[in-house]
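Trainee: I have a structure I would like to understand better, so I am pasting it below and will then ask my questions one at a time.
The values are calculated or read from the model by the stated rules, or taken from the named source; none is laboratory data. Keep in mind it's a predicted model, so treat the numbers as computed, not measured. Neighbour counts are summed over all protein chains in view; Cβ atoms, including those assigned to glycine, are modelled from backbone coordinates with ideal geometry. In case anyone asks, the SASA skips ligands and DNA or RNA and just uses the protein heavy atoms, side chains included. Shrake-Rupley method; radii C 1.70, N 1.55, O 1.52, S 1.80 Å.
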Amino acid sequence: SPQRPGRAAAGRRAAPTPNPRPHPTMFSKFVALAFLAGLAAGFQRPAGGARRMGVHMMAERVPFMAGNWKMNPTSSADAEALGKAVAGFSTDGVEVAIIPPFCYLPIVGAAAKNSNVKVGAQNVFVEEKGAYTGATSPLMLMDMDCEYVLCGHSERRVVFHEEEDYINKKVRTVLDHNMKPILCIGESQFEYEKKLNKQVCAMQLAKDLDGVTAEEMKNVVIAYEPVWAIGTGLVATPEIAQDVHSFIRSWLVENFNEKVAAETRIQYGGSVTPESVDELMACPDIDGCLVGGASLIPEKFERIVGFRKAVAA
């Protein structure tokens, strides 16, 4: 099985991101990113370590573990069995959600109905109804009791070429229909190697949260997912993840206020496993995980949900 880089391997070069965009060229992409790095600097003002420490200690944020099933499983019987298994987990002191494919939402919702496990959707269209073949309306998701909706997942950005303005519309749509967006942000391998990860996150936050008020932020979850760590078996070290999460929280201070920053939950997503979860969750600004492949195996997801808090970062 793939090995994730541990602390001693912090400098190891991670695997390249699969399915890169075929355009623009690498040179023009770098030029654009360099420009955006300067632009993103205008969205933030560096916050001191003491201030960031104060922010993450100001509020008790309930840990949030969400399982993104992606395009799995491939039968309703397996989906129902997995939903029932997760519904039986202990959820003391932690919030748990499962995010199955659209076609399994009714059966998974029924399986989780008498539990504390929430159900979410992997995508949503920005119109309520009409001639939009293949799209799923926010009203449909509300009718199926979805509480959470993924917005901006890297696979939607890379594979389906969703841009920031459209992601912003989806965030707005979810909030306007009394559901909660899980806004996914994060850099590619190329951007990470060019040390643009924080600038990319700042740009995505500024664009994707455009028009969202401080009051509405109480219903927004942010998931930092370095693209190079998704589905690769690689995990950003706890130090790397905490550094970016702390930056995101300082961005929230500067662009909303300290209350929003203290109360907003920031998940880590990127090949989270039972072996990596304890160190990640020991970091003060990591408030949960957006789990992919491991959420399809009940024993592994249960271990992640029941992470051990006492492990030092």
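Trainee: In nm, to one decimal, how far is the modelled label at Ile297 from the one at His177, with both set 7 Å along Cα→Cβ?
Mentor: My value for the distance between the label points is 3.4 nm.
Trainee: Mind listing the long-range amide H neighbours of Cys289? Cut-off is under 5 Å, sequence gap 5 or more, other chains count too, H placed in the peptide plane at 1.01 Å from N.
Mentor: Phe64, Met65, Ala66, Tyr268
Trainee: Rounded, prolate or oblate: which fits segment 56-179, taking a ≥ b ≥ c as square roots of the Cα gyration tensor eigenvalues, rounded meaning a/c under 1.5, else prolate when a/b beats b/c? Show your work: numbers first, answer last.
Mentor: Numbers: a/c = 1.74, a/b = 1.22, b/c = 1.43.
Judged from the Cα gyration tensor, segment 56-179 comes out oblate (a/c at least 1.5, b/c at or above a/b).
Trainee: Could I ask something else about it? Mind listing which GluC sites (Glu not before Pro) in segment 170-239 are in a DSSP loop and have 15 or fewer other Cβ atoms within 10 Å?
Mentor: Glu215
Trainee: Rounded, prolate or oblate: which one fits segment 118-162, using the alpha carbon gyration tensor with axes a ≥ b ≥ c (rounded when a/c is under 1.5, else prolate when a/b beats b/c, else oblate)?
Mentor: Values: a/c = 2.96, a/b = 1.19, b/c = 2.49.
In terms of gyration-tensor shape, oblate.
Trainee: By its C-alpha gyration tensor, with a ≥ b ≥ c as the square roots of the eigenvalues, how is segment 63-105 shaped: rounded for a/c under 1.5, else prolate for a/b larger than b/c, else oblate?
Mentor: Oblate shape, in that a/c is at least 1.5 and b/c is the bigger or equal ratio.
Trainee: Give the distance, in whole Å, between the Cα centre of segment 236-313 and the Cα centre of segment 113-168.
Mentor: About 23 Å separates the Cα centre of segment 236-313 from the one of segment 113-168.
Trainee: A further question on this structure: Tell me, what is the per residue accessible area of segment 168-211 in Å², probe radius 1.4 Å?
Mentor: Counting only protein heavy atoms, the per-residue value for segment 168-211 is 35 Å².
Trainee: Oh, and also: Can you list the chymotrypsin sites (Phe, Trp or Tyr not before Pro) in segment 77-137 that are in a DSSP coil and have 12 or fewer other beta carbons within 10 angstrom?
Mentor: When the chymotrypsin sites (Phe, Trp or Tyr not before Pro) of segment 77-137 are filtered for loop state and at most 12 Cβ neighbours within 10 Å, Tyr132 remain.
Trainee: Now for a different question. How many Lys pairs in segment 78-201 lie less than 28 angstrom apart by Cα atoms, where the lysines are 8 or more positions apart or on different chains?
Mentor: 18
Trainee: How large a share of the accessible area of segment 112-266, in percent, is made up of carbon and sulfur atoms when the probe is 1.4 Å and the other protein chains stay in place? List each step's numbers first, then the result.
Mentor: Values: 2910 of 6120 Å².
Result for segment 112-266: 47 percent of the exposed heavy-atom area is carbon or sulfur.
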